[in-house]
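J.: My structure is below; once you've seen it, I'll send some questions.
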Amino acid sequence: MMGRPPLPTHIKLVKGTARPHRLNPNEPKPPLVVPEPPPHLTEQEKAKFTSTAEMLVRRGVMTELDAGALARYATAWCRWVDAESEIKKRGLVVKTNADFVIQNPFLAVANRCMNQMAQIESEFGLTPSARTRIRMEEQSDIIDPFEEYLRGGKQLDLWRPEKT
């Protein structure tokens, strides 16, 4: 029986939906890297792959295991750009050899690529709606005494206020 695919632990933590009894303690945690683009990509696709991978690493999302998904995204993006270029040249409708007016075939290619890109963008959190599901704690200079205790083993005296 297939269901919704499970979310990785880091996504659950970022979203704030992690429940300790449902977490996988042995989940692989690959390091964040900008992988080399696969050799089968064109130069334009490699450039899109690398620039997107660099942005995703800065966001803490890209690992070497994600290279295939990103390669698919780069390919779909470049096909979409090429299809849009042809649509701009020829228009939304074209005439056939028999003088029938039909939808430009490149419009179907562009629409299919946009759907593929939207799916992959959602997986990587690259859309506004995907980002609304992610909650990140703000970094602050305020040190929580309980967190300090948990991390450093400092003894807390919660009953006596600190002297200033």
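J.: Does the stretch 101-123 contain any residue that is among the basic types (Lys, Arg), farther than 27 Å from residue 15 by Cβ and assigned to a helix (DSSP H, G or I)? Full working, then the answer.
T.: Step one: of the stretch 101-123, the residues among the basic types (Lys, Arg) are 112.
Subsequent filtering for residues that are farther than 27 Å from residue 15 by Cβ retains 112.
Then drop every residue that is not assigned to a helix (DSSP H, G or I), which leaves 112.
Yes, some residue in the stretch 101-123 is among the basic types (Lys, Arg), farther than 27 Å from residue 15 by Cβ and assigned to a helix (DSSP H, G or I).
J.: Considering only the stretch 30-52, state which residues are surrounded by 15 or more Cβ atoms within 10 Å (Cβ to Cβ) and touching an Asp or Glu at 6+ places or on another chain (Cβ under 8 Å).
T.: Within the stretch 30-52, 34, 35, 37 meet the criteria.
J.: Next question, about the same structure. Out of curiosity, is residue 62 in contact with a helix residue (DSSP H, G or I) (Cβ under 6 Å, 6 or more places away or on another chain), buried (at least 17 other Cβ atoms within 10 Å of the Cβ) and either under 22 Å from residue 16 (Cβ atoms) or modelled with pLDDT under 90 (or both)?
T.: So residue 62 fits the description; yes.
J.: Something else now. Quick check: anything in the stretch 147-164 surrounded by 12 or more Cβ atoms within 10 Å (Cβ to Cβ) and modelled with pLDDT under 95?
T.: yes
The values are calculated or read from the model by the stated rules, or taken from the named source; none is laboratory data. None of these values were measured; they are calculated from a predicted model. A quick note on method: Cβ atoms are made from the backbone with ideal geometry, for glycine too, and the neighbour counts reach across all protein chains shown.
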